Each structure stands twice: as C-alpha cells, then as structure tokens.
Amino acid sequence: MAPKQHVDFYRKVAIRKALLTKAIVGPAYIPFIGDGDVADALYRDRTIDGADLDPERVATAKGRGFTGEIRQGDCDEYPFADVKEAFAVADFDSYAYPYAAFRTFWAKAEKSDPFVCFFTDGERQAIKRSGAYRHPSGDSTDVSTIVERRKAYNFYWKQIVEPWFQEYVKPWHVLATRFYLRRDMLYWGAVVSREEGAVEVEAEPKREHVKKFNQKRRKVYLQALRDGMRRTAAAQAAGVDFVTVWHAMKDDPEFAEAVDDAEVEACDPIETALYDAAQSGNVPAIQTWLYGRSKGRWKPPNVKTEISGPGGGPIEHNDVGATDEARIDRIMAIVERARARGDRSPTGDDPANI
C-alpha cells in the first residue's frame, strides 16, 4: 500500500491559493505528483506536466484526465528537459526533501515572470532526531550540540531556508512568501520575479497565535506539562509549535505563570516517590529529602560553611567522632519518630504542599 501523501490537505490548498492569485496563465510543473489530488484541486485549469517514481500513482494521476503529460521518472533529475514552454507554477510537494528537484528545475526549465512555487519540506525531523540533515543547497549539515539543534529546528524557515532561497534565485527577486509548520514539517511557497516590485503582493497577515492557541489548546498544553512533558513536546500535543506558545507566554503573563505552575506540579509525583523511598530506608533518598527540606539543618558534603570564634579567631570544638553509620542511625530515628506520629513527612507538612 502506498503511504499517505497528505495530512491537513485543506491547509496545503489554502497556502497555495493565497499565492496563486499572482500566477499568470501558463502550465504547471508538478513533480512528486502522487495520485494527482493537489493538481486536481488547484491546477486543472492549466496544462499539467507531472512526474513520480511510483508507477501505480502515475497511473492514478494519468486517469484524472489532465491536459499535459504525466511521466514516471526521478523528479530530482527533472524529467521534462525536452519541454521548452515556460512554466508559470511549480509545486514541489515531496515527502521530505524538495530542493534537489527544485535546483535541477531552476537550472534547466523555462519559467514565466512572475513565477510561483511551493514546497513541502521534512528536514526538521532529521534535525530533531540526530542533528544531521540536508541543507537546501544539498550540503550535508550536522548540528551536534543541543543548543545548535534547537536553534536549527525552531528557526529552520527564517534562518536557513528563506535566506538560502533568496540568495539562490538571484538575480530574481522574492516578492512574497507564505509558510506554516505542522509538527516536523515545513510547508511554504513564494512568488519571484526578475523585476523587483513587478507585481503587487499584499503583505502576509500577522499570524494570530492567540486565536490559533485558544483556551482549549492551552488546557491541553498545560495538562501535558503537568504530565511531565517538556515544553516542545507539550506544544506538539496541543497541535501548535513552540514559537506559538512562546508568543502566547510573552503576551499573556497569567498564562506564563500557569506554565510555571504546571511545571512545578509535574514535580509532585517525583517528590512523593522520593519521600516514599526515604520512608522505606533508601539512604540516598533520605539524604536528598533532608538536604532539600530541612531548612539548613542538613547540608550536602560539598557545602562548606565557615565559622569563627569570638573576634574572628579560632573556636574550640570537640570531635564527637560521628561516623556514617551514626549519621544514618540519626536519620532513621527521625523517620521512625515521624512514622510513630503518623505524619506524611518528617516536617509534618501536608504532602500536597511538598
């Protein structure tokens, strides 16, 4: 069975319709045409030259009766080099990496002016998994540190793809772009022309993250944090990207405070488990609990406190010869007294407040 080609198909159609208003009359080049559903929804009024490696999908696309030719071939190699007519539109709706196909098309194909193109890019998934990905230029790129990987993942469009595209198509000018993210996928399109300002393009409307990240999604996000998810994973669970969450926290201090509270709540079951382990006699757990909860009466060995006698001089002291065994006995005695009192914690606090 062939893999599913589209998720949120209506969003793919919407981003294309926003830019196709600037495309002139002319044929469309559709590599990775698959079953031809995008072509059918958007380009049926044009001559369509499409290609795909999958013979079954090529047959399905051919069965839709498009004007033009559907070929089986490697889209990265541009299978329509014999076509001399200028394309008005190209749609690189690949499964993962559309840029090899775009680069060969850009080098070999005739293009109308203005020219409109679209892309489906899955390289953010590679960045998230290992840090090794293919740059739009074709270079193998490896971001090794966590900080670099997060930066590449979160700003992939703005700092990697868009600057590369603007430079690559020169001397053509980029008149407009549109993009959206869905989990690890980037979907985007552009209008380009040899002449700057050749067509009037409306500015991209400001993305209204508050509407997108509504109260229902915020509840899902906060609950995911309470369940122990990290912020990026929680954003994905809520169906938004982390940049959207970041904007919401910046614009809404109450929501930002709720995020902090949810992350604190995520620690509650861990603290309860730690306390239960201490009650059972687990010495590291006992020490961790007392170091964190004893208000200075217990300190880790690496915490040094310097004190002096009267006038800053030395103080007199007696070595009581306390051994590790003696310290453990003292700890266990405290625990036993707490058990005898029926307290949930050595401090008598309600565990809900721990």
| note | Going through (1) out of contact with any Ser or Thr (no Cβ under 7 Å at 6 or more places or on another chain); (2) free of Cβ contacts under 8 Å to residues at least 24 places away in the same chain; (3) within 28 Å of Trp164 (Cβ to Cβ); (4) of a type in the set (A, V, I, L, M, F, W, C) one by one, Ile48 fails only at (1)
| remark: Exception for Ala86 within (1) over 17 Å from Tyr187 (Cβ atoms); (2) surrounded by 15 or more Cβ atoms within 10 Å (Cβ to Cβ); (3) of a type in the set (Gly, Ala, Ser) falls at (2)
| Are there any helices (runs of 4 or more DSSP H) wholly within the stretch 222-304 with 1 or more residues that are more than 20 Å from the chain's Cα centre (by Cα) and loosely packed, with under 15 Cβ neighbours inside 10 Å, and if so which? | 242-251, 253-265, 268-279, 283-293
| remark: Expected single match for on the phi < 0 side of the Ramachandran plot, of a type outside the set (Val, Ile, Thr), surrounded by fewer than 20 Cβ atoms within 10 Å (Cβ to Cβ) and in a loop (DSSP other than H, G, I, E, B) among Arg64, Arg46, Arg103 is Arg64
| message | Considering only residues that are without any contact (Cβ under 8 Å) to a residue 60 or more places away in the chain, of a type in the set (A, V, I, L, M, F, W, C) and outside any loop (DSSP other than H, G, I, E, B), which ones fall in the stretch 67-100? | response | Ile70, Cys75, Ala100
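Read-outs throughout are calculated quantities, based only on the coordinates presented, and are distinct from any laboratory measurement. Being a predicted model, the structure only gives us computed values, none of them experimental. FYI the Cβ positions are ideal-geometry reconstructions off the backbone, even for glycines, and counts take in every protein chain you see.
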